[in-house]
Amino acid sequence: MRPVAIFRFSPTEGPGRFADWLDAHGVPRRVIALDAGEPVPPEPDGFSGIAMMGGPMSANDPLSWNAPLTELLRSAVAKDVPVIGHCLGGQLLARALGAAVTRAPAPEIGWGEVRTTTNGAGEWFGKRDGFVTFQWHYDAFALPASATRVLTNSVNAEQAYALGKHIGLQGHIEMTRSMVETWCRTGASELPEQTVGATQSRADILSDLDARIRDLGEVADGVYAQWAKGLVR
């Protein structure tokens, strides 16, 4: 089986739970570290699927990898190679599909509730009405014209969209305990002393962390299992 390509944009924003799921199910993977200067492959044909993680930059930034990655994503969608995007990755996929990525109505940092739509509750999220996910973003994608909204909340209407076997997520379902702790350390200047709106304090982010990670992991496993049904064999 061809490997899943995992695009990394920041050394602290690796594949986390996603890599664990692939390894547990015998799916080969290859991390392409754009943050370390690795080039974007010209075509998706060598991969069974394409995954993109998060990063501190904007999907609109004129970085050297942005244009070739956009072309790769468009080619993958055209060839039905499944794509999954987490946060920045979801924004990049939305942009490749022709949707705008703009400043979010309000930043979301920490744990927040999202609701499934009628279209998303069964196939992608195991018939859940909603769940608590992890967020850390200032930008947000608009809904691509050809896609279906599958997650929403009161802060930012566009929390996830699906297009056939492709899915873009605004949140981070891939989180592990070590990732949350690392982000709280490296992003400490972005966290308020007390939770304000959808931006949580470090104390609130770390509260009941193991239980939150466990519950989110169950959601993530279901999403990854559904996505993996479309992998090119």
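The values are calculated or read from the model by the stated rules, or taken from the named source; none is laboratory data. Just so you know, these numbers come straight off a predicted model, no measurement behind them. No Cβ is skipped: glycine too gets one built from the backbone with ideal geometry, and neighbour counts run over all protein chains shown.
Look at the stretch 158-184: where a residue is closer than 9 Å to His86 by Cα and a partner is at pLDDT 95 or above and basic (Lys, Arg), sitting 6+ places away or on another chain with Cβ atoms under 8 Å, you get Ile173/Arg17; Glu174/Arg17. Taking the numbered list (1) more than 22 Å from Leu92 (Cα to Cα); (2) in a loop (DSSP other than H, G, I, E, B); (3) modelled with pLDDT of 95 or more in turn, Lys127 passes all entries but (3). Residues in the stretch 105-122 that are surrounded by fewer than 16 Cβ atoms within 10 Å (Cβ to Cβ) and among the acidic types (Asp, Glu): 1 in all. Scanning the stretch 53-80 for residues that are buried (at least 24 other Cβ atoms within 10 Å of the Cβ) and more than 20 Å from Glu174 (Cβ to Cβ) gives no hits. Within the stretch 189-233, the set of residues being among the hydroxyl-bearing types (Ser, Thr, Tyr) and either touching a His at 6+ places or on another chain (Cβ under 7 Å) or exposed (fewer than 12 other Cβ atoms within 10 Å of the Cβ) (or both) comprises Ser189 only.
Whenever a residue of the stretch 24-39 is closer than 14 Å to Gly55 by Cβ, its partners that are polar (S, T, N, Q), lying with C-beta atoms within less than 8 angstrom and at least six residues away or across chains, give the pairs Asp35/Ser10.
If you take the residues of the stretch 82-104 that are touching a His at 6+ places or on another chain (Cβ under 9 Å) and assigned to a loop (DSSP other than H, G, I, E, B), which of them is surrounded by the most Cβ atoms within 10 Å (Cβ to Cβ)? Steps first, answer last, please.
Step one: list which residues in the stretch 82-104 are touching a His at 6+ places or on another chain (Cβ under 9 Å), which gives 82-88, 91, 93, 97, 104.
Filter once more, so that each one left must be assigned to a loop (DSSP other than H, G, I, E, B): 82, 87, 97.
On the way: Pro82: 24, Cys87: 28, Leu97: 23.
Among them, the one singled out is Cys87.
In the stretch 135-157, the condition of being part of a loop (DSSP other than H, G, I, E, B), touching a Leu at 6+ places or on another chain (Cβ under 9 Å), among the small types (Gly, Ala, Ser) and surrounded by 17 or more Cβ atoms within 10 Å (Cβ to Cβ) is met by at least one residue.
Here Val101 does not fit the description of being touching a Leu at 6+ places or on another chain (Cβ under 6 Å) and in contact (Cβ under 8 Å) with a residue 24 or more places away in the chain.
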